[in-house]
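For reference, the structure discussed in these notes is given below.
The values are calculated or read from the model by the stated rules, or taken from the named source; none is laboratory data. Note that this is a predicted model, so its numbers are computed, not measured. So basically every Cβ, Gly included, is an ideal-geometry build from the backbone, and we count neighbours across all protein chains shown. Protein only, heavy atoms only, side chains kept; ligands, DNA and RNA dropped before computing areas. Shrake-Rupley method; radii C 1.70, N 1.55, O 1.52, S 1.80 Å.
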Amino acid sequence: MIKVGIVGTGGIAEWHASAFINNKNSSVVAACDINENRLNEFCDKFNIQNRFSNVDELLEKSDVDAISNATPDAFHKEISLKAINKNKHIFCEKPLAENFADAQLMCDSLKGKNLINMVNFSYRNSSGLQELCKTVQSGEIGNIFHMDANYYQSWLTSNYWGNWKEHDKWLWRLSTKHGSMGTLGDVGVHIFDFASFPIGKIKKLNSHLKTFKSKGVQIKDYILDANDTFLSMVEFENGAIGTINATRFATGYKNKLELKIFGDKGAVKIEFEDPITEGNRYMISKDTQREITVKEDKLKWDEISCPPTLTNFEKFIESIIQNKNHEPDFERGAEIQNILDKCFESSKDGKWVNV
Ligand SMILES: NC(=O)c1ccc[n+]([C@@H]2O[C@H](COP(=O)([O-])OP(=O)(O)OC[C@H]3O[C@@H](n4cnc5c(N)ncnc54)[C@H](O)[C@@H]3O)[C@@H](O)[C@H]2O)c1
């Protein structure tokens, strides 16, 4: 049984706890948070006995095999390094770090340690994405020429999750001083992974990040200076070009991802709001050479249902048991971190940047 300690017991930690408790090969034996009320509420809910106010104490006093790092972005590096230093396997929330240099440092700290490491790019949990990836990489839709990917959230315009102005969990996401890289670091990190997983490495990009002052500039000690929305043009190493975009102003969309990839023999697309229940299929069109005798309204797309895939949480535990690191690992986290850094550089200088 793999014993997991959860650090940071906020929103996403509930997913971590449920996943590790429901896995027959793991249990959650300890948790820590700097907010005592939140820690107790969380531990009561998941029946966790060992409660700590900081990670050092947790690492010192509890007997864990692995740390699940569910703290805000600004603490990913510090807490992961402490866990690695104590020879604990590490599952870290995205984005891996606050910049590429820190992400590289985290990868370097693993060298020679034989520790399983994983970054939680959650949309890998979509079996449709996994199968779409295999289809693209098999060459079935030919050489890739064009792609478009979008990530739509609406918490800055919708009350679906409550009023963002009243909750720390939204406010830290809008403040660079609190370690946020805005929409780019929060969900851009997902959509860059999502899009480049099937297509391959991005060679260069031109990104435009925008912060809208009209929503307000400061609440409590949160200065609302992180980007709210971004657009990126990209060119991949295989020559394909496309756009990758994300926003928090997408009224009507709770949390939607979509990806379209066009090759010279066909096209694939996937879209969903929930990676497990809606992400278990993708669409393919190979309607390229058909003789069309009667004029039809639409060209043909086929829906492909996909068998369930392991979630990142399941892959992490399986990796520890088999001593073989599944993807997405820290190296992948760092690769995406490098892309984020390049988006900032491009947006600042208003020009194309090599990745
Ligand atoms: N993979 C995903 O799809 C996904 C979804 C949501 C959030 N996240 C990521 O998870 C992380 C947490 O997000 P959240 O929405 O749960 O935030 P949150 O604000 O709801 O929770 C964070 C918790 O960490 C605690 N904390 C802060 N600093 C700490 C420290 N030094 N030690 C221990 N605890 C500390 C806070 O008190 C809080 O309870 C972020 O990095 C976010 O990007 C990932």
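Can you give me the number of residues within the stretch 186-203 that are among the charged types (D, E, K, R) and under 16 Å from Phe230 (Cβ atoms)?
Within the stretch 186-203, the first condition is being among the charged types (D, E, K, R), and the residues that meet it are 186, 193, 201, 203.
Now narrow it down to the ones that are under 16 Å from Phe230 (Cβ atoms): 186, 193.
Residues that pass the stated criteria total 2.
Take the residues of the stretch 1-18 that are aliphatic (A, V, I, L, M) and open to solvent by 10 Å² or more (accessible area, probe 1.4 Å): which is nearest to Trp170 (Cα to Cα)? It would help to see each step written out before you state the result.
Applying the first criterion (aliphatic (A, V, I, L, M)) to the stretch 1-18 yields 1-2, 4, 6-7, 12-13, 17.
If we keep only those that are open to solvent by 10 Å² or more (accessible area, probe 1.4 Å) as well, we get 1-2, 12.
Values: Met1: 35, Ile2: 32, Ile12: 13 Å.
Looking at residues that are aliphatic (A, V, I, L, M) and open to solvent by 10 Å² or more (accessible area, probe 1.4 Å), I get Ile12.
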Hey, does the stretch 166-174 have a residue that's open to solvent by less than 20 Å² (accessible area, probe 1.4 Å), in contact with a Pro (Cβ under 8 Å, 6 or more places away or on another chain), farther than 24 Å from Gly279 by Cβ and not polar (S, T, N, Q)? no
Scan (1) away from the ligand (no atom under 14 Å from the Cβ); (2) small (Gly, Ala, Ser); (3) not in a loop (DSSP other than H, G, I, E, B) for the single condition Gly142 breaks and write down its number. (3)
Which listed residue is at positive phi and surrounded by fewer than 23 Cβ atoms within 10 Å (Cβ to Cβ), from Gly182, Gly139: Gly139
Residue pairs meeting the criteria (Cβ under 6 Å; at least 6 apart or on separate chains; first more than 16 Å from Phe316 (Cα to Cα), in the stretch 87-100; second at pLDDT 95 or above and open to solvent by 10 Å² or more (accessible area, probe 1.4 Å)): Ala97/Lys77; Asn99/Asp341; Phe100/Asn338; Phe100/Asp341
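Can we say Glu98 is within 16 Å of the ligand (Cβ to nearest atom) and either in contact with a Gly (Cβ under 7 Å, 6 or more places away or on another chain) or open to solvent by less than 30 Å² (accessible area, probe 1.4 Å) (or both)? Show your work before the answer.
Details: within 16 Å of the ligand (Cβ to nearest atom): yes; either in contact with a Gly (Cβ under 7 Å, 6 or more places away or on another chain) or open to solvent by less than 30 Å² (accessible area, probe 1.4 Å) (or both): yes.
The answer is yes for Glu98.
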Being farther than 30 Å from Leu259 by Cα and assigned to a loop (DSSP other than H, G, I, E, B) is the filter here, so list the residues in the stretch 78-129 that pass it. Lys86, Asn87, Lys88, Leu110, Lys111, Gly112, Lys113, Asn114, Leu115
Could you list, in sequence order, the residues of the stretch 71-86 that are in contact (Cβ under 8 Å) with a residue 60 or more places away in the chain and open to solvent by 60 Å² or more (accessible area, probe 1.4 Å)? Phe75
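Out of Phe272, Phe330, report the one residue that is in contact with a Cys (Cβ under 7 Å, 6 or more places away or on another chain) and more than 26 Å from Gly239 (Cα to Cα).
On the way: Phe272 fails: in contact with a Cys (Cβ under 7 Å, 6 or more places away or on another chain).
Exactly one of Phe272, Phe330 is in contact with a Cys (Cβ under 7 Å, 6 or more places away or on another chain) and more than 26 Å from Gly239 (Cα to Cα), namely Phe330.
Filter the strands (runs of 3 or more DSSP E) completely within the stretch 217-303 down to those with at least 2 residues that are within 22 Å of the chain's Cα centre (by Cα) and closer than 18 Å to Met147 by Cβ. Give the derivation first.
Details: elements: 229-236, 241-247, 255-263, 267-272, 281-285.
The qualifying strands (runs of 3 or more DSSP E) are 229-236, 241-247, 255-263, 267-272.
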Output yes when any residue across the stretch 51-70 is more than 9 Å from the ligand (Cβ to nearest atom), touching a Lys or Arg at 6+ places or on another chain (Cβ under 6 Å) and open to solvent by 20 Å² or more (accessible area, probe 1.4 Å), and no when none is. yes
Considering each residue of the stretch 19-50, count those that are open to solvent by less than 60 Å² (accessible area, probe 1.4 Å), free of Cβ contacts under 8 Å to residues at least 60 places away in the same chain and in a loop (DSSP other than H, G, I, E, B), and give that number. 2
